[in-house]
Amino acid sequence: MYDVIVIGGGPTGSHVARRLAEKDCKVLVFERKAEVGGKDCCTGIISQECVNSFDIDSRVILRELNTATLFSPSGNMLRLYRKEPQAAVIDRYAFDTSMAERAKKAGAEYHFNSRITDISVAGDRAIVNVSGKGKSHQVTAKAVVVASGFNPGFNERAGLGASKDYVVGTQAEVETPVLEEIEVYFGDMAPGFFGWLVPTAQGMGRAGLLSRMEPGARLKKWLHLLAERGKIASADVKLSYGGIPLKPPLHTYGERMIAVGDAAGQVKPTTGGGIYFGLLAADIAAAILYQALADNDLSAKRLASYERAWRKKLGRELRIGYWARKLFERMSEKQIDRIFEIIKSSGIDEALLKAKDISFDWHSRAITSLLKYQMITRTLKLIKLPFRSISIDR
Ligand SMILES: Cc1cc2nc3c(=O)[nH]c(=O)nc-3n(C[C@H](O)[C@H](O)[C@H](O)COP(=O)(O)OP(=O)(O)OC[C@H]3O[C@@H](n4cnc5c(N)ncnc54)[C@H](O)[C@@H]3O)c2cc1C
């Protein structure tokens, strides 16, 4: 019998598999696709902190970035610049493959074309139903890790409950003759969210947006506008789509089961970026599961410590990020423009950059710092904050 079955060969699934296999656990990863790295709908921006923390293979990095320019709805610009690289754009296919190769090297086994349709628990084992190539069979293990990405139906069937809020992201590979840095756009192309243009390899980039309604139609319209302005060569491109959880499901653990990554809603609600938080949680998941296996206690009560541990690390970010996201969705274009004006004219951007309050991953510090400025809270008509604006524990 396997010690652990991992459902999903994405980055978080492969990372948990690797960490457990490194400790001599017998691990089997099931991936529904024919190979890893099939996620084409991801911009692939990760922070330098993520690159360093997880020793990301430099061969998967397409480009390093140290500047981002934000555009308000009326075209007002805010340029955030640091001398050192702040983020990297990765090739998702190469990245997922490299994470899986590391897991395999540590001893994890991969089965492809294998969709898990059901998980059950009987006595001292978890049983998964594997379906592929017109056949189905069952495989057992002591525990299961759900790393199947954004998949609310699957989460519900596994007893985790669906994500309570989500958004759809859509993206296209575009020719970008003049793009050199990340550009983020706020306005009617993506109400309540944002659009982005990100350079990848020479002359190419990714354009995308997040939206609760008609993401595809909105992106098409915006691409035409970008083509007219000469930002991209053509709007005649293929769109891809993906769901992004904005909140975790009801539980991220159960009897002989834990969930990681998008399946556990470990995603920045501000931007929808999930790779780094997913990997951080994968480390926690592997450590707790390893100890629970050693103690032969894989009860839901014991595995609840996983949810407590990852929330200790990421909970405040998710809570404040989600609060900021909901506030932003309620803001008018006029209010967004006004905030841009205040930040620029008062030099708040420079102050935040200098105080190291602006971080690529940890947004709660920037949010709470911004809310210390009365001009901003007045514009937002905020009277009381649902959290203390000082003492930010990560
Ligand atoms: C438009 C868009 C842009 C994004 N840009 C960024 C970005 O720039 N930076 C960032 O950090 N994040 C970004 N994200 C989010 C990022 O893609 C996810 O957070 C990340 O992929 C989560 O990794 P994961 O391993 O949890 O899930 P996934 O990468 O989704 O992997 C899950 C795997 O499980 C497999 N699977 C699913 N169901 C089953 C099943 N039943 N049986 C077997 N296998 C199964 C899938 O085929 C897949 O391989 C973006 C998302 C979108 C939609």
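The values are calculated or read from the model by the stated rules, or taken from the named source; none is laboratory data. Only a predicted model underlies this, so the values are computations on that prediction, with no experimental measurement involved. FYI the Cβ positions are ideal-geometry reconstructions off the backbone, even for glycines, and counts take in every protein chain you see.
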>> Being of a type outside the set (Val, Ile, Thr), out of contact with any strand residue (DSSP E or B) (no Cβ under 9 Å at 6 or more places or on another chain) and surrounded by fewer than 21 Cβ atoms within 10 Å (Cβ to Cβ): is that true of residue 228 here?
In response: yes
>> Can you tell me which residue is nearest to residue 90 (Cα to Cα) among those in segment 145-176 that are aliphatic (A, V, I, L, M) and within 11 Å of the ligand (Cβ to nearest atom)?
In response: 172
>> Condition first: more than 30 Å from residue 238 (Cα to Cα) and in contact with a Gly (Cβ under 9 Å, 6 or more places away or on another chain). Can you find one or more residues in segment 161-179 that meet it?
In response: no
> Among the residues of segment 50-64, is there at least one that is of a type in the set (D, E, K, R), surrounded by fewer than 23 Cβ atoms within 10 Å (Cβ to Cβ) and under 16 Å from the mean Cα position of the chain (by Cα)?
Replying inline: no
> Among the residues of segment 246-300 satisfying the criterion of being among the polar types (S, T, N, Q) and more than 8 Å from the ligand (Cβ to nearest atom), which is surrounded by the most Cβ atoms within 10 Å (Cβ to Cβ)?
Replying inline: 252
>> Out of everything in segment 234-259 that is of a type in the set (A, V, I, L, M) and touching a Gly at 6+ places or on another chain (Cβ under 6 Å), what residue ends up being nearest to residue 329 (Cα to Cα)?
In response: 244
> Conditions: (1) under 22 Å from the mean Cα position of the chain (by Cα); (2) part of a strand (DSSP E or B). Residue 128 meets all but one. Number of the miss?
Replying inline: (1)
> Can you find a residue in segment 256-266 that is among the basic types (Lys, Arg), modelled with pLDDT of 95 or more and over 26 Å from residue 163 (Cα atoms)?
Replying inline: no
> So, in segment 139-184, of the ones that are over 19 Å from the mean Cα position of the chain (by Cα) and of a type in the set (S, T, N, Q), which residue ends up surrounded by the fewest Cβ atoms within 10 Å (Cβ to Cβ)?
Replying inline: 140
> Which ranges mark the strands (runs of 3 or more DSSP E) fully within segment 20-113 that have 1 or more residues being away from the ligand (no atom under 12 Å from the Cβ)?
Replying inline: 27-30, 61-65, 67-71, 77-81, 109-111
